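S.K.: Pasting a structure below so you can have a look.
The values are calculated or read from the model by the stated rules, or taken from the named source; none is laboratory data. These figures come from a predicted structure and were not determined experimentally. Cβ placement follows ideal geometry from the backbone for every residue including glycine, while neighbour counts extend to all protein chains displayed. For accessibility, only protein heavy atoms count, side chains too; no ligands or nucleic acids. Shrake-Rupley method; radii C 1.70, N 1.55, O 1.52, S 1.80 Å.
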Amino acid sequence: MCGIAGYIGYREAYPIVIKGLQRLEYRGYDSAGIMLYDNKIIISKTKGKVSDLEKLMNSENTKEGTIGFGHTRWATHGIPNDINSHPHVSNSGNLVIIHNGIIENYDSIKQELTKRGYTFQSDTDTEVLVNLIEEIKKTNKCKLGKAVQIALNEVIGAYAIAVFDKEKPDELIVARLGSPIAIGIGEDNKEFFVASDASPFIEYTKNAIYLEDEEMAIIRKDRGIKIRKIKDDTLITHEVQQLKMNLEQIEKGGYDHFMLKEIHEQPHAITDTYRGRLIANKGIIRMAGVDDNIEKFLNANRIIVVACGTSWHAGLVAEYLFEDLARIPVEVEYASEFRYRNPIITDKDIVIAISQSGETADTLAAIKLAKEKGAFVFGVCNVVGSSIARETHAGAYTHAGPEIGVASTKAFTTQITLLSLIALKLGKAKGNLSTVDYQNYLQEMELIPKKVAELLTIDDKVKYIASIYKDVPNCLYLGRGYNFPVALEGALKLKEISYIHAEGYPAAEMKHGPIALIDENMPIVVIATSKGHYEKVVSNIQEIKSRKGKIIAVVTEGDTQVKAIADHVIEIPETNEAFTPLLTTIPLQLLSYHIAVMLNKNVDQPRNLAKSVTVE
Ligand code: F6R
């Protein structure tokens, strides 16, 4: 993972880079470092967050220079400490590098370089790469760009790198394979920004280029950019894209945490997902990616969903949606498992890849495998222009806006919204849904944002429940049907931000094992909405009660049966069964959020995690 941000131009680089790193901190926050050049190289780096780096810079260093870059790290090779922090410098002291990714064959290269007299301070693969570039530059007597190119053809792995050479201080080299790089183009081609995504330079320019895999760019102050293929040196021209993101979208907007802001953004985000696609009064669902490939969807033997984490949970909801509404068989696969099996896929299969970031390495690899085997691959991504969005044959964006909190919230509900639209569209086209049912679904979808907004007003109640259970060591989440994936998602949210052990289960599975865990100290969150196996879930609740478990139930408003037995109930507005995940998820997000805040945990940047997992 890791975030990289850099600048070359006429402004002071420090404030641009440091602010950029703050915005990219969601990508990793084990350590942070910066390089500035002002007739000499200045490097500062430290274990900890970007704020620690700022303190260090304030106490130690000048901050001058109109060229510089920085890095915020999610540790892969080498523990998070000062020495392993980026940037890394070559043995001569001339070359400086930052790197997001993993060089898999670094050990053999390191051994070779050691034989040639190189020494290494850190345990990182990155320090090996910068010295490999140095060695190639020296032995081939070539320019930095050429040396980087040769080196990258020797390494195996994934990278987004930025390299600086003291001997060429008006030049930055960047390159990518598997990890993203956006280049912002400033006024009159006189200044350039580089970053893992466009957020670090959004207030300076809306013009950006996204490097493709196996491409490198040589960026020269005042002289523009040259992009080349790393493999064969071909010169490439990229279309300059107009960024739509704005500054307010990537700031906290008065909320204490990005996660809370993003939970509260869901009514808007869901509306943005269906805006222009759902025209309920005319019975239309319009989605270019599906419309253009409608025959493939209608004739598909099955749909295979590949995704990770929360996106995988959205995929599980999609399984119910597609099977129920469109009668298409669905398999939902962890991308990380799928990519290493020998899956049976044909050109009659449609693979749907779901990813908020659009950069998840396992999902990307699964897509490549599916394409090799002849499947049509459709992407559901949030980040516009991301690798997955580009790698898939067609797709649709969720338009949730930037999700900065590491724990995914609005990405989940917008993915479900989008997948619901696709399932409804196909259900109607295949004749599985009557016009009346179809029309009811469409009208109900338009009401969902209002219902989510209504639900968000129960925050105080959820906060009170959080205050009772915040110190428990374990928690169980149960749900059935459409709400089984929501139980998994609720448990994932709690464990990732509060570090409380939590498990999600289909409610009926409880009696096959987890019931042994239940005693008077165990809270069990049960989703027991009025539609979909209600009576059966009520029986499960009775079973828990008779073992003295504490029940936090999510029910449909007006419920009386569960209310009579549960310790706490949270009511959601009435909706059809297929859309309940869009509502039941909300209180579970709030519960995890409040527990984590009460436990004083870092809600937006939980330990050991990062927002986009671009390594295996
Ligand atoms: C959980 C979470 C992760 C991601 C997973 C996939 O809150 O954020 O589990 O859902 O890493 O990420 P994307 O959706 O970017 O592919």
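S.K.: Taking the stated definitions as given, is I181 within 19 Å of S90 (Cα to Cα) and either modelled with pLDDT under 95 or assigned by TED's automatic domain parsing to the domain that holds I109 (or both)?
M.R.: It is false that I181 is within 19 Å of S90 (Cα to Cα) and either modelled with pLDDT under 95 or assigned by TED's automatic domain parsing to the domain that holds I109 (or both).
S.K.: Among the candidates G374, G427, which residue alone is more than 15 Å from the ligand (Cβ to nearest atom), farther than 30 Å from I183 by Cα and out of contact with any helix residue (DSSP H, G or I) (no Cβ under 8 Å at 6 or more places or on another chain)?
M.R.: On inspection, the qualifying residue turns out to be G374.
S.K.: If I ask for residues that are within 15 Å of the ligand (Cβ to nearest atom) and surrounded by fewer than 19 Cβ atoms within 10 Å (Cβ to Cβ), which ones from segment 337-361 would you list?
M.R.: Once the filter is applied, which keeps residues that are within 15 Å of the ligand (Cβ to nearest atom) and surrounded by fewer than 19 Cβ atoms within 10 Å (Cβ to Cβ), segment 337-361 yields only E337.
S.K.: Go through segment 377-400 residue by residue and tally those that are open to solvent by 50 Å² or more (accessible area, probe 1.4 Å) and more than 14 Å from the ligand (Cβ to nearest atom).
M.R.: 3
Each row is one residue, and each column tells you yes or no for (1) among the β-branched types (V, I, T); (2) part of a helix (DSSP H, G or I); (3) surrounded by 21 or more Cβ atoms within 10 Å (Cβ to Cβ); (4) modelled with pLDDT of 95 or more.
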position	(1), (2), (3), (4)
F484	no, yes, yes, yes
K495	no, yes, no, yes
A508	no, yes, no, no
K511	no, yes, no, no
V526	yes, no, yes, yes
G532	no, no, no, no
N540	no, yes, yes, no
R547	no, no, no, no
I552	yes, no, yes, yes
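S.K.: Select from segment 227-258 the residues that are in contact (Cβ under 8 Å) with a residue 40 or more places away in the chain and under 17 Å from I173 (Cβ atoms) and write down the one among them that is least open to solvent (accessible area, probe 1.4 Å).
M.R.: Applying the filter and picking the extreme gives I230.
S.K.: Then there is this: Being surrounded by 22 or more Cβ atoms within 10 Å (Cβ to Cβ), modelled with pLDDT of 95 or more and either in a helix (DSSP H, G or I) or away from the ligand (no atom under 16 Å from the Cβ) (or both) narrows it down to one residue among A411, A407, A453; which is it?
M.R.: A411
S.K.: Does any residue of segment 573-594 turn out to be in the same structural domain as A487 (by TED's automatic domain parsing), among the aliphatic types (A, V, I, L, M) and outside any helix (DSSP H, G or I)?
M.R.: No, segment 573-594 contains no residue that is in the same structural domain as A487 (by TED's automatic domain parsing), among the aliphatic types (A, V, I, L, M) and outside any helix (DSSP H, G or I).
S.K.: Restricting segment 10-38 to residues that are assigned to a loop (DSSP other than H, G, I, E, B) and farther than 17 Å from K190 by Cα, which is farthest from the chain's Cα centre (by Cα)?
M.R.: Ranking the qualifying residues of segment 10-38, first place goes to D38.
S.K.: Test V613 against the stated conditions and say whether it is within 16 Å of the ligand (Cβ to nearest atom) and not assigned by TED's automatic domain parsing to the domain that holds A314.
M.R.: Spelling it out, V613 is indeed within 16 Å of the ligand (Cβ to nearest atom) and not assigned by TED's automatic domain parsing to the domain that holds A314.
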